[in-house]
Amino acid sequence: MTPDLMEEGARRFQEKLAPAALGQTESGGRTAGFSRIATPGEVDVTHGRILYLEDVNVSFDGFKAINNLSLDIAPGELRCIIGPNGAGKTTMMDIITGKTRPDSGTVYFGSTIDLLRHNEPEIASLGIGRKFQKPTVFEQLSVFENLELALKTHKGVTSSMFFRLDSMQSDRLAEILHTIHLADSVARMAGNLSHGQKQWLEIGMLLMQDPKLLLLDEPVAGMTDEETARTAELFLTLKGKHSLMVVEHDMGFIRTISEIVTVLCDGSVLAQGTLDQVQADERVIEVYLGR
Ligand SMILES: Nc1ncnc2c1ncn2[C@@H]1O[C@H](COP(=O)(O)OP(=O)(O)OP(=O)(O)O)[C@@H](O)[C@H]1O
């Protein structure tokens with residue numbers, strides 16, 4: 001979520017509930033990431049790439065967290081990223097979303113948008129949505145209100161006070177409710193949803209802004225087997241309409257959804273291919289078993 005969305009959510013929250021309730025939300029509306037899309041623009045994918053990283057480097061106090069990382073993703077692709085702890089997966093997402101500035105390298109969204117020239121909220125508004133591991137929905141608002149709020153992207157608080165969904169937006173909201181398996185829970189408080197449902201709701205909030213590229217960090221961590229299976233279904237539905245980059249440790253989940261899997265290690269790509277190919281790669285076996 002972006003700061004204006006958090007502000008609007010916080011305002012409604014204050015309106016609806018006594019201040020004593022503040023802090024009862026899991027996220028408190030504070031840990032939300034800058035993941036909301038304002039005005040999705042056109043992204044030039046005529047060269048067949050929606051995301052392109054070349055020779056990217058980042059050091060933290062002399063430690064190379066990202067080391068000559070090069071990677072690209074095709075439009076509509078669902079790319080899975082795996083790798084041992086500390087491989088640089090989160091740092092890579094931080095670079096794409098503008099949270100971390102690389103020391104050197106190239107990061108392009110489509111063939112014309114140099115992401116290194118944009119800050120975090122601008123990158124969100126360009127059409128890159130990010131879902132952090134922990135769900136960051138507004139727990140004291142209903143499922144419907146959370147999704148409605150996600151639409152009020154570029155509207156200021158004043159205008160959004162008078163905001164009403166038009167029929168196209170209502171249709172879109174209904175479609176997304178169905179996609180995220182929450183059509184029967186539209187009036188429920190987000191705080192009463194299961195962990196998996198909260199994750200789906202947050203994905204729905206991102207979808208309300210029609211992102212071109214979705215970055216999802218460990219989306220099935222903490223989910224039940226059934227929720228994990230439904231999340232796999234959801235991602236397979238999204239593939240094609242959106243490009244997805246999914247970082248996950250759950251290999252069963254990866255097996256269900258993956259086409260190409262990229263293995264990161266020590267800040268660069270160690271191997272890439274189908275899950276079977278990378279799992280048979282001696283270097284991959286070494287980094288997973290050798291640590
Ligand atoms: N802000 C920072 N300051 C110092 N070191 C950092 C910082 N951010 C990341 N690192 C280090 O960079 C390396 C890569 O971290 P990163 O979180 O990107 O790995 P990861 O692949 O996401 O790991 P995990 O699977 O455990 O989440 C790690 O060694 C980490 O300790």
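Since every read-out is calculated from the coordinates, none of them should be taken as a lab result. Remember, it's a predicted structure, so these values are computed and weren't measured experimentally. Note that each Cβ is placed from the backbone with ideal geometry, even for glycine, and that neighbours are counted across all protein chains shown.
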### Query
Remind me, relative contact order of the stretch 176-279 in percent, using alpha carbon pairs under 8 angstrom and six or more residues apart?
21 percent
### Task
Over 24 Å between C-alpha atoms is what I'm after, so list which of Lys64/Lys241; Lys64/Lys198; Lys134/Lys212 land there.
Lys64/Lys241; Lys64/Lys198
### Task
Could you please report the charge total around Arg172, scoring K, R as +1 and D, E as -1 over all other residues with beta-carbon less than 13 angstrom from its beta-carbon?
-4
### Message
With +1 assigned to the C-beta of every Lys and Arg and -1 to the C-beta of every Asp and Glu, and no other charges, what is the dipole magnitude of the stretch 86-136 about the Cα centre in debye, to the nearest 20?
### Response
240 debye
#### Entry: Within the stretch 48-149: Cβ-based charge dipole about Cα centre, in debye rounded to nearest 20 (Lys, Arg +1; Asp, Glu -1)
220 debye
### Message
Test of understanding: ordering Asp184, Asp44 by Cβ neighbours within 10 Å, fewest first, what list do you get?
### Response
Asp184, Asp44
### Task
Find out how many positive minus negative residues lie around Val186, taking Lys and Arg as positive, Asp and Glu as negative, among other residues whose Cβ is under 12 Å from that of Val186.
-2
#### Entry: For the stretch 200-246, size of Cβ-based charge dipole, Lys and Arg +1, Asp and Glu -1, in debye
320 debye
## Note on the structure
The set of residues whose placed amide H lies less than 5 Å from the amide H of Val269, leaving out same-chain residues fewer than 5 positions away, is Ser70
### Query
Using 7 Å Cα-to-Cβ label points, what is the Ser59/Glu175 separation (nm, one decimal)?
4.9 nm
### Query
Going by how many other Cβ atoms sit within 10 Å of their own, how do Leu165, Leu53 line up, fewest first?
Leu165, Leu53
